[in-house]
Amino acid sequence: MAGCIVLDFDGTVIDSEEPLFQSWVELWDHYDEELTAAEWQGSIGTDDGRDPWSDLQRRMGRILDPTLQAARRARRDELLESQSPRPGVVAWLNEARALGIAVGIASSSPSEWVNGHLERLGLHEHFSCVVCADGTIPAKPDPMSYRIACDLLGADPCHSVAVEDSPHGVAAATSAGLFTIAVPHGLTEGLDLTAADLYLDTLEGLTASEALRMARHRPVR
């Protein structure tokens, strides 16, 4: 079986993590409360049930004005509008299309979120499958999203490449058997990503075909 490429979405295709975090930081600041990066980082790449709105209400000891939550979402979306694909992503997608390499998404975010942003960015047509943590598919670090993506793409995970930005994502991809490249951003660059097979600052330093070649010739785990 041929290999494929499976990308995480948030923080990997676009840096949506920073706008999301910033929107919450600004809301907490409104109430003179501090939301630290350290508190936020444990939730990146997974769905651990944490709700910053509920956490803030508990800190304040009262129900807060829901219009501020709506304003926070609007601020998040405003910040997201300025985000373009991360360096190297579009080049990988174009190369994959030219070479007939199947590409998918494996994400812990809802499909509505991921598909909406892919459409907005004009990237949806590059992905043959989008597997999200909806319904029966658990969030990372569970490897199911990667296994399903490879199955849908008709690919051998051991010959395939995953690109991730977080420890939860790296754990999911490596557990599923994919050659895993960690490409962190500002919120995850200090986290432990040593379980990945390769660490890059951006995808610009490597082509998609080179990554697949590394996957095929790596030592068996």
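The values are calculated or read from the model by the stated rules, or taken from the named source; none is laboratory data. Only a predicted model underlies this, so the values are computations on that prediction, with no experimental measurement involved. Neighbour counts run over all protein chains shown; Cβ positions are idealised from the backbone, glycine included.
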Practice task
Would you tally the residues in region 31-52 being over 20 Å from the mean Cα position of the chain (by Cα) and surrounded by 14 or more Cβ atoms within 10 Å (Cβ to Cβ)?
Solution key: 1
Completion exercise
When region 39-64 is checked residue by residue, the ones that are within 25 Å of P167 (Cβ to Cβ) and part of a loop (DSSP other than H, G, I, E, B) are G42, S43, I44, G45, T46, D47, D48, G49, R50, D51
Practice task
Determine whether A171 is touching a residue at least 24 places away in the same chain (Cβ under 8 Å), of a type in the set (A, V, I, L, M, F, W, C), assigned to a loop (DSSP other than H, G, I, E, B) and farther than 18 Å from A2 by Cα.
Solution key: no
Fill in the blank from the handout: Checked pairs for region 155-166, first touching a residue at least 40 places away in the same chain (Cβ under 8 Å), second of a type in the set (S, T, Y), C-beta under 7 Å and 6 or more apart or across chains, list as A162/Y146; A162/T180; V163/T12; E164/T12; E164/T180; D165/T12; D165/T188; S166/T188
Problem - region 17-49: number of residues that are under 22 Å from P184 (Cα atoms) and either of a type outside the set (S, T, Y) or assigned by TED's automatic domain parsing to the domain that holds L187 (or both) - result: 19
Exercise for the section: Using the structure shown, decide if G135 is in contact with a helix residue (DSSP H, G or I) (Cβ under 7 Å, 6 or more places away or on another chain) and in a loop (DSSP other than H, G, I, E, B). Expected result: no
Problem - In region 186-201, residue surrounded by the most Cβ atoms within 10 Å (Cβ to Cβ) [restricted to those that are within 26 Å of I148 (Cα to Cα) and within 15 Å of the chain's Cα centre (by Cα)] - result: T188
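Yes/no matrix, rows are residues, columns are (1) surrounded by 18 or more Cβ atoms within 10 Å (Cβ to Cβ); (2) outside the structural domain of D201 (by TED's automatic domain parsing); (3) in a strand (DSSP E or B); (4) out of contact with any Lys or Arg (no Cβ under 7 Å at 6 or more places or on another chain):
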residue	(1), (2), (3), (4)
A91	no, no, no, yes
R97	no, no, no, yes
I101	yes, no, no, yes
G104	yes, no, yes, yes
S109	yes, no, no, yes
W113	no, no, no, yes
E119	no, no, no, yes
